[in-house]
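Visitor: Below is the structure I would like to discuss, written out as structure tokens.
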Amino acid sequence: MNPFTYARAGSAEDAVRRVAAEPGARFLGGGTNLIDLLKEGVMSADAIVDVTRLELRDIAETEDGGLRLGALAKNTATANHELVRTRYPLLSQAILAGATMQLRNMATNGGNLMQRTRCNYFYDTALPCNKREPGSGCGALEGLNRTHAIFGHSEHCIAVHPSDMCIALAALDATVHVRTPQGGMRSIAFEDFHVLPTARADIDNQLAHGELIEAITLPAAGFARHHHYLKVRDRASYAFALVSVAAALDLDAGGRIREARLAMGGVAHKPWRARAAERALRGQAPGEAAFAAAAQAEMAAARPLEHNAYKVELGRHAIVRALHRAAGTA
Ligand code: SF4
């Protein structure tokens, strides 16, 4: 680990000012990913600005009937909050599917959005990785890519986004609220927050240096009646998704699908909103035929790599199963 300075921010404005002033500065929240990366030499920092004491922990209703999640609320507190459990149970399920209880007790909501990929080549500093060192190459392209992307990848990077929470946030149409070094705030639609890999594969999201996530908001529609988060992984706990699906349905009085929300994890560099499947579901009666057609519509666009063609079939089955559980038809 390289030497760095440490400062505790007195306010969000102070934190942003300190990080924006120093190109090598980083915010420290729960530290559950950043500290590991610094210790392993995967990332470096010249200055650490500790934001853990800032008053950004509240979880409260918004004026328009939605919910505001403070960026520094812990993942455990968020998943177990009564308003989240009762009105946004999809989010609660997704958070509790991630990591371990100990990690969820430390990890913050803002940090969950900022966590880095778990690509093995990213963590091995002896191997090339465009995300760790742009222009050095991608070890996974010609290497073992069983856990990598099947949608939206490029020759620069084929890694997948690791979060479970973010998959539910994508399905729920969340918004990210960010304090900027210019002294104001800006809001980013969740679907636009994370990006697909470009020649700057080190860039995971559209935050500029010094911008600090203060909150995440959810619209009023929580899909509490018909939802399911399905996570398929190599072992039952403390493993990242091979494929995950956040499914939410709104049914009309006749029982047909008025609105469908589907997002996938483990398949792309960002939470993957399954728009083709959503379109295919609208107006359909819930059931195997409609769910299988929706899964086919989405997975037809998959571009598997040498070792992960299984994810296409797995994704198809995962979509169908998640939809059945959301609809209560299986
Ligand atoms: Fe690095 Fe991305 Fe290639 Fe993994 S897939 S080695 S993170 S560039």
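The values are calculated or read from the model by the stated rules, or taken from the named source; none is laboratory data. Since we're looking at a predicted model, the values are computed, not measured. Don't worry about glycine lacking a Cβ; one is built from the backbone with ideal geometry, like all the others, and counts go over all protein chains shown. Protein only, heavy atoms only, side chains kept; ligands, DNA and RNA dropped before computing areas. Shrake-Rupley method; radii C 1.70, N 1.55, O 1.52, S 1.80 Å.
Visitor: How large is the dipole of region 227-327 about the Cα centre if only Lys and Arg carry +1 and Asp and Glu carry -1, each at its Cβ, rounded to the nearest 20 debye?
Guide: 200 debye
Visitor: Follow-up. Can you flag which of Lys39/Lys131; Lys131/Lys231; Lys39/Lys311; Lys39/Lys231; Lys231/Lys311 are past 23 Å Cα-Cα?
Guide: Result: Lys131/Lys231; Lys39/Lys311; Lys39/Lys231 exceed 23 Å.
Visitor: Karplus couplings for region 14-26 from phi (6.51 cos²θ - 1.76 cosθ + 1.60, θ = phi - 60°), rounded to Hz, Gly and Pro as x?
Guide: Using θ = phi - 60°, the values come out as 5, 4, 5, 4, 5, 6, 4, 7, 9, x, x, 8, 9 Hz.
Visitor: For region 179-328, just the Cα set please: Rg and Dmax, both in angstrom.
Guide: 17.3, 52
Visitor: Let me ask you something else. Give me log10 I(q)/I(0) at q = 0.21 Å⁻¹ for region 5-50, Debye formula, one equal scatterer per alpha-carbon, no solvent.
Guide: Those come out to -0.66, one per q.
Visitor: Let me ask something else. For Leu103 and Glu40, calculate 0.36 nm times their separation in residues minus their Cα-Cα distance, and state this gained length in nm to one decimal.
Guide: Roughly 20.8 nm would be gained on extension.
Visitor: Placing unit charges on C-beta atoms (Lys and Arg positive, Asp and Glu negative, everything else neutral), compute the dipole magnitude of the chain about its Cα centre in debye, rounded to 20.
Guide: So the magnitude is around 640 debye.
Visitor: Further question: How large are Rg and Dmax for region 206-262 when only the alpha carbon atoms are used, in Å?
Guide: 16.5, 50
Visitor: I would also like to ask the following. Taking 1 over the mean of 1/r across every pair of different Cα atoms in the chain, what Kirkwood radius in Å do you get?
Guide: 20.2 Å
Visitor: If you project the alpha carbons of region 72-134 onto the principal axes, what extent comes out on each, in Å, largest first?
Guide: Over region 72-134, Cα extents along the principal axes are 46, 20, 19 Å.
Visitor: Also, I was wondering about something else. Please work out the Cα convex hull volume for region 19-144 and give it in Å³ per residue.
Guide: For region 19-144, the hull spanned by Cα atoms encloses 153 Å³ per residue.
Visitor: Could you please report the charge total around Cys166, scoring K, R as +1 and D, E as -1 over all other residues with beta-carbon less than 15 angstrom from its beta-carbon?
Guide: Value of the local net charge: +2.
Visitor: For region 233-280, what size does the Cα cloud have along each of its three principal axes, sorted from largest down, in whole Å?
Guide: 40, 22, 11 Å, listed from the longest principal axis down.
Visitor: Heavy atoms only, probe 1.4 Å: what % of the accessible area of the chain goes to carbon and sulfur, would you let me know?
Guide: Carbon and sulfur: 51 percent of the exposed surface of the chain.
Visitor: With the crude spin-label approximation of a point 7 Å out along Cα→Cβ, what separation in nm comes out for Thr180 versus Arg282?
Guide: 3.2 nm
Visitor: Suppose only helical runs count, i.e. DSSP H with n ≥ 4. What mean residue ellipticity at 222 nm does that imply for the chain under -39500 (n - 2.57) per run, divided by all residues and rounded to the nearest 500 deg cm²/dmol?
Guide: -8000 deg cm²/dmol
Visitor: Before anything else, pin down the relative contact order of the chain: Cα pairs under 8 Å, at least 6 apart, normalised by residue count, whole percent.
Guide: Relative contact order for the chain comes out at 17 percent.
Visitor: Another question, if that's okay. Between Glu155 and Glu55, what length comes free when the chain is fully extended (0.36 nm per residue of separation minus the Cα-Cα distance, one decimal in nm)?
Guide: 31.8 nm
Visitor: Hey, another quick one. Mind jotting down the distance between the C-alpha centroids of region 133-175 and region 241-306, whole Å?
Guide: Region 241-306 and region 133-175 have Cα centres separated by 19 Å.
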